[in-house]
Amino acid sequence: MAEKSFKYVIVGGGVSAGYAAREFLKLGLKPGELAIISKEAVAPYERPALSKGYLFPESPARLPGFHVCVGSGGERLLPEWYKENGIELILSTEIVKADLAAKALSTSSGDTFKYQILIIATGSTVIRLSDFGVQGADAKNIFYLREVDDADKLVEAIKAKKNGKAVIVGGGYIGLELGAALKINNLDVTMVYPEPWCMPRLFTAGIAAFYEGFYKNKGINIIKGTVAVGFTSDSNGEVKQVELKDGRSLDADIVVVGVGGRPLISLFKGQVEEEKGGIKTDGFFKTSIPDVYAVGDVATYPLKLYNELRRVEHVDHARKSAEQAVKAIKAKEEGNSIEEYDYLPYFYSRSFNLSWQFYGDNVGEAILFGDNNPESAEPKFGTYWVKDGKVVGVFLEGGTADEYKAIAKLARVQPSVESLDQLAKEGLSFASKV
Ligand code: FDA
Ligand code: NAD
């Protein structure tokens, strides 16, 4: 049982931890001041790669190729970088108890880490079908995807079940990205989700119709309006069939489940204020407890632009919230202040040769523009969300770098629109005028 003390401790070694470490170094860090404690065995990496390049059949992405901060065009922080800069990377170490009053974290083997300032960066975990009591959900070859270990197991199964059948449960981000990845690997893919169209938390029916049409043209079978209620397995315990609520049964050699994430805040329950399923913070990512900050997926923070508390489970916010928290910590130490976080929500996804970006808020009336025919050689379309006569959100598939820049600006500026018909007619050219 060992005890170690640091000025700063980051619990969690994912995207935000890596970006926070870089910011600490940039603003002034002495060797031995910072420790990152992670239950993963590897240094912080760009998690989005796991559902994309990591699963490519040819030249897949592998570590150390996608350690942070390459995802945002920065220098790659290899494990040596932490060593050279005196940052202690404590890997394969799960914190099982946090005592915020005593400023101490401990592991199951009784090791203790003390801190002066704590950054909570534990991210999310997957929601499991067994959480809903789905029968047989612990069969072999049923996969979830959150960490590099999960991705490695899936890659093995893809190799072992060549040309086999895959069922994807869930029609959100994981569902759409993994449906494509398994199809590219030559599996026979069926997707199942309960809603009338995919990704309903962002997509409108018009946006979803394009992706569903495109996926069908790629040979992916889509079953909507039902859920998986059970699995049967063979004598080796390997999954063989997925039973659906509507009575159908699907053959499966591999099942991938993506039915949502849950922020990992249980260590801090009863010790910090919570809001909307996350840890409540201010615009500097300070929690209700002095010297304790929360960033990334776990933070519920004031989204200044919409005057509302929000939690965001996307990589751009993970990076930026981490940088903001570190800037706030360092400014406070120097008796300075910084501006409150003023975030413009930005999400993106890629699958097959498709790529979209979204900026702003998807509330109000949705106006579809452009060519959303899944048969088109080069489809390019988007959607504006208009609320109280202003454009507040924009989605664009197939844009250029300049076009994405233009829609980001639009979502920030929120220009007024007089006629929705005119907006639909102008389409993307409306964005380039702002
Ligand atoms: P993150 O999950 O990155 O890191 C948390 C870390 O804490 C993990 O290393 C975990 O092991 C560790 N940890 C947790 N509890 C611990 C404990 N008790 N003790 C020690 N360590 C602990 N977003 C986007 O905008 N575009 C995209 O394309 C994608 N793609 C994507 C693909 C996949 C497969 C996933 C799972 C997620 C995405 N995302 C995404 C979402 C994005 O990756 C996510 O929002 C960020 O990784 C969140 O960063 P955090 O640092 O908050 O958590
Ligand atoms: P999600 O919330 O995007 O989608 C969950 C989906 O699960 C729902 O849309 C629904 O279709 C489905 N669902 C819910 N209950 C179900 C049930 N009982 N049976 C079948 N389907 C059911 O969550 P996810 O796709 O699992 O993603 C997990 C996390 O990873 C999220 O935080 C997400 O933001 C993140 N992620 C983001 C990206 C990206 O931004 N490009 C990519 C991958 C993962």
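Measure off, as a whole percent, the carbon and sulfur share of the 1.4 Å-probe accessible area of the range 353-432, all protein chains present. Its accessible area is 45 percent carbon and sulfur atoms.
Each Lys or Arg adds one and each Asp or Glu takes one away; over the other residues whose Cβ falls under 10 Å from the Cβ of L187, this sums to +2.
Ranked by the mean number of other Cβ atoms within 10 Å of their residues, highest first, the peptides 373-379, 394-400, 234-240 come out as 394-400, 234-240, 373-379. Exceedance of the 21 Å cut-off in Cα-Cα distance is limited, within the set K332/K409; K52/K218; K216/K240; K269/K332, to K332/K409; K216/K240; K269/K332. When the accessible area of the range 90-245 is computed with all protein chains present and a 1.4 Å probe, what percentage of it is carbon and sulfur? With neighbouring chains kept in place, the figure for the range 90-245 is 48 percent. Exposure check, 1.4 Å probe, all protein chains in place: D361 carries approximately 20 Å² of accessible surface.
Based on C-alpha pairs under 8 angstrom that are at least 6 apart in sequence, the range 129-259 has a relative contact order of 35 percent.
Each Lys or Arg adds one and each Asp or Glu takes one away; over the other residues whose Cβ falls under 14 Å from the Cβ of A2, this sums to -1. Residues in the range 129-259 average 42 Å² of solvent-accessible surface per residue, probe 1.4 Å, ligands and nucleic acids excluded. Report the net charge of residues surrounding V227, where surrounding means a beta-carbon distance below 15 angstrom and charges are Lys +1, Arg +1, Asp -1, Glu -1. Neighbour charge sum, excluding V227 itself: 0.
Each of Y45, V239, Y343 was scored by the projection of its Cα onto the charge dipole of the chain, and the greatest displacement toward the positive side belongs to Y45; charges sit on the C-beta of Lys, Arg, Asp and Glu. Rg/Rh, computed from the Cα trace of the range 26-81 with Rh as the Kirkwood radius, has the value 1.04. Sorting K103, K245 by solvent-accessible area of protein heavy atoms yields K245, K103, largest first, with a 1.4 Å probe. When you count the other C-beta atoms within 10 angstrom of each residue and take the mean per peptide, 115-121, 130-136, 412-418 line up highest first as 115-121, 130-136, 412-418. Computed over protein heavy atoms with a 1.4 Å probe, the accessible surface of the range 353-432 works out to 48 Å² per residue.
With the Cα gyration tensor of the chain giving a ≥ b ≥ c as the square roots of its eigenvalues, does the rule (a/c under 1.5 for rounded; else a/b larger than b/c for prolate; else oblate) give rounded, prolate or oblate? Cα axes put the chain in the oblate bin. Summary of packing: across the peptides 214-220, 294-300, the per-residue average of other C-beta atoms within 10 Å ranks them, highest first, as 294-300, 214-220.
Distance from the alpha carbon centroid of the range 397-433 to that of the range 301-369 works out to 20 angstrom.
Projecting label points 7 angstrom from Cα along Cα→Cβ for L27 and K218 puts them 4.1 nm apart. Excluding ligands, DNA and RNA, the accessible surface per residue across the range 1-54 is 33 Å² with a 1.4 Å probe. Listed by chain and number, the aspartates and glutamates whose C-alpha is less than 19 Å from the C-alpha of K140, apart from same-chain residues fewer than 8 away, are D131, D149, D150, D152, E156, D188, D234, E238, E243, D251, D253.
For the chain, the relative contact order comes to 14 percent (Cα pairs under 8 Å, sequence separation of at least 6). Among K280, K330, the order of accessible area from largest down is K280, K330, computed with a 1.4 Å probe on protein heavy atoms.
The values are calculated or read from the model by the stated rules, or taken from the named source; none is laboratory data. Since this is a predicted model, take the numbers as computed values, not measurements. Note: ideal-geometry Cβ built from the backbone for every residue, glycine included; neighbour counts use all protein chains shown. Just so you know, the surface numbers come from the protein's heavy atoms only, side chains and all, with ligands and any DNA or RNA stripped out. Shrake-Rupley method; radii C 1.70, N 1.55, O 1.52, S 1.80 Å.
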